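The values are calculated or read from the model by the stated rules, or taken from the named source; none is laboratory data. Predicted model only: the values in this text are computed from it and were never measured. All Cβ positions, glycine included, derive from the backbone under ideal geometry; neighbour counts span all protein chains shown.
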Amino acid sequence: MEHILGQEWEIVPAGGATGEAFFASHKDQRLFLKRNSSPFLAVLSAEGIVPKLVWTKRLENGDVITAQQWLPGRELKPPDMNQELVARLIKKIHRSEPMLGMLSRLEKLPIDPDTIFQTVMEELDKEVQSLPVVNKTIGFLIEEAPNVSCDEKVVCHGDINHNNWLLTEDNQLYLIDWDGAMIGDPAIDLGMLLYMYIPEENWYSWLVMYGKPLTDHLRLRMKWYVALQTLSTIQWYKNKERFQEMEKWVSFLDELL
């Protein structure tokens, strides 16, 4: 990274799973650098969903480096997810035609319930599948699969965990880490957000801020996608041998059904 910016810049790894992200600072300038970000980043920046894209450079080896503004701020905490700012930003994302158009041009096809179900089932090993609550969940998913189709297809983030939200010091809210973006049912995002962070008695009022009524069909779709995502999460923690966290999600699944 030094040969792109110059020796006077201080560059440190930003952490993360890929090891491809860095923070760079020089005097009062601060940048967030990433190797081989999706071309989708340009639209996210233009729409104000992520911090501003400053420049993009292609290296001789074909790698692309992007630089975004590095803004002082903090991650959201779980109670913050009830804020109108969050509902408004999710609404903006789900209604963005430029974002939908760009993902379509990147040959992202809308994902349907059957495809997601098959993908998750292929992840699950026999030990996880043999757990009684997992077995019960798979039965629920198969039974309700014909009832969760939805004509509305939007850009979904896919991981609306509170850690992926950045609130800046001047009260601007951003949603970062778009590597798992997809075109699909808005219930994919809404389900996890409501089930994880919003008490059920507040779902109606949260969805009013988002701009959608709480229908029985939306309720079912959210539950269906949350159950599916939870199966995937259980397997992920098992693969990492983080059994305590895995058990928490097994208990959550038990309560869900």
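Of all residues in the stretch 138-151, which are of a type in the set (D, E, K, R) and surrounded by 11 or more Cβ atoms within 10 Å (Cβ to Cβ)?
Passing the criteria: only Glu144.
Mind listing just one residue for me: the one in the stretch 148-170 that is among the acidic types (Asp, Glu) and touching an Asp or Glu at 6+ places or on another chain (Cβ under 8 Å) and, of those, farthest from Glu75 (Cα to Cα)? Spell out the reasoning first.
Initial filter on the stretch 148-170 (among the acidic types (Asp, Glu)): 151-152, 159, 169-170.
The next check asks that each one be touching an Asp or Glu at 6+ places or on another chain (Cβ under 8 Å); those that pass are 152, 159.
Details: Glu152: 30, Asp159: 14 Å.
Only one residue tops the list, namely Glu152.
Taking interchain pairs and intrachain pairs at least six residues apart, which have beta carbon atoms under 7 angstrom, with the first residue in the stretch 1-26 and part of a loop (DSSP other than H, G, I, E, B) and loosely packed, with under 11 Cβ neighbours inside 10 Å and the second among the basic types (Lys, Arg) and at pLDDT 80 or above?
Correct list of pairs: empty, since none qualify.
Report, ordered by the first and then the second residue, all pairs with beta carbons closer than 7 Å, sequence separation of six or more or different chains, a first member in the stretch 143-169 that is within 24 Å of Pro113 (Cβ to Cβ), and a second member that is of a type in the set (Lys, Arg).
The qualifying pairs are Val148/Arg221; Cys150/Arg221.
Which condition does Arg219 not pass, out of (1) free of Cβ contacts under 8 Å to residues at least 60 places away in the same chain; (2) over 21 Å from Phe117 (Cβ atoms); (3) surrounded by 13 or more Cβ atoms within 10 Å (Cβ to Cβ), if it passes all the others?
Every listed condition holds for Arg219 apart from (2).
I'd like the full set of residues that are closer than 17 Å to Gly180 by Cβ, assigned to a loop (DSSP other than H, G, I, E, B) and not polar (S, T, N, Q), limited to the stretch 134-167.
Correct list: Lys153, His157, Gly158, Asp159, Ile160.
Just the residues that are at pLDDT below 80 and touching an Asp or Glu at 6+ places or on another chain (Cβ under 7 Å), please, taken from the stretch 18-37.
Asn36 - this is the single residue of the stretch 18-37 that is at pLDDT below 80 and touching an Asp or Glu at 6+ places or on another chain (Cβ under 7 Å).
Residue by residue through the stretch 103-145, note down the ones that are under 20 Å from the mean Cα position of the chain (by Cα) and among the small types (Gly, Ala, Ser).
Residue satisfying the conditions is Ser104 alone.
Assess whether Gly62 counts as being surrounded by fewer than 16 Cβ atoms within 10 Å (Cβ to Cβ) and on the phi > 0 side of the Ramachandran plot. Talk me through it step by step, then tell me what you get.
Values: surrounded by fewer than 16 Cβ atoms within 10 Å (Cβ to Cβ): yes; on the phi > 0 side of the Ramachandran plot: yes.
So Gly62 passes the test.
Quick one: which residue in Lys92, Lys27, Lys108 is outside the structural domain of Tyr197 (by TED's automatic domain parsing) and basic (Lys, Arg)?
The conditions single out Lys27.
Given the criterion surrounded by fewer than 18 Cβ atoms within 10 Å (Cβ to Cβ) and not charged (D, E, K, R), identify the matching residue among Leu109, Leu100.
Among Leu109, Leu100, only Leu109 is surrounded by fewer than 18 Cβ atoms within 10 Å (Cβ to Cβ) and not charged (D, E, K, R).
List the pairs whose first member sits in the stretch 100-111 and is farther than 14 Å from Lys153 by Cβ, whose second member is β-branched (Val, Ile, Thr) and modelled with pLDDT of 90 or more, and whose Cβ atoms are under 6 Å apart, counting only residues at least 6 apart or on separate chains?
Qualifying pairs under 6 Å: Met102/Val43.
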